[in-house]
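A short write-up of the structure that comes next.
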Amino acid sequence: MYAGLKNTPCCLCGRDDTHTRIAVPPRAIRLLKNGGPISWRDVVGTVTLRFCADDWDLVSDLAIEMDTHPLSRCNAAHVSLDLREDHEALLSATKEETDQTELEARLEREAESTLDAVDDPYTEARDVVEAIVVLRALEELDVRDPPGDPVAP
Ligand SMILES: [Zn+2]
């Protein structure tokens, strides 16, 4: 089903030599630079962002020290994703919008459990950065309530 990761350059500077990658929910494409034309509802699985070593340092600082994400500066043309249309062309499947909420709920749970275990020596810094990016992005997209805010009725 999932065709696998394509080798994409650093989504911040376009350099081919990348260091680290993270996965974000397809809806986060809306936050990316040039993400507008991409039909995020047709994306199958997660979207992969790769960063070169220099930019990974920057992304880590943004996430861990400033509690924010770099997505508005990431170029959507440089991310790895799998569009449903590709499969439809192959399989002639009927067109039906992919329900992204299940995937988003799973990524949210995983991110929360990573942050719950942030002091665990086995928790990797990469995972913490990914968790912060995922959660802050979901909040910005109104999929998730920001921490401390009252729960919407
Ligand atoms: Zn870079």
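The values are calculated or read from the model by the stated rules, or taken from the named source; none is laboratory data. Fair warning: this is a prediction, and the values are worked out from it, not measured in the lab. Ideal geometry is used to build each Cβ from the backbone, glycine not excepted, and the neighbour counts take in all protein chains shown.
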Legend entry - Residue list for the range 57-86, restricted to those being crowded, with 21+ Cβ neighbours inside 10 Å and more than 28 Å from residue 98 (Cα to Cα): 59, 63
Inset, instruction - Could you check how many residues of the range 87-107 are modelled with pLDDT under 95, surrounded by 14 or more Cβ atoms within 10 Å (Cβ to Cβ) and assigned to a helix (DSSP H, G or I)? - result: 2
Legend entry - Pairs where the first residue, in the range 114-130, is more than 14 Å from residue 21 (Cβ to Cβ) and the second is surrounded by 11 or more Cβ atoms within 10 Å (Cβ to Cβ) and of a type in the set (D, E, K, R), C-beta under 6 Å, 6+ apart: 114/127
Inset, instruction - Search the range 32-56 for residues being surrounded by fewer than 19 Cβ atoms within 10 Å (Cβ to Cβ) and aliphatic (A, V, I, L, M), and hand back the single one that is farthest from the ligand (Cβ to nearest atom). - result: 44
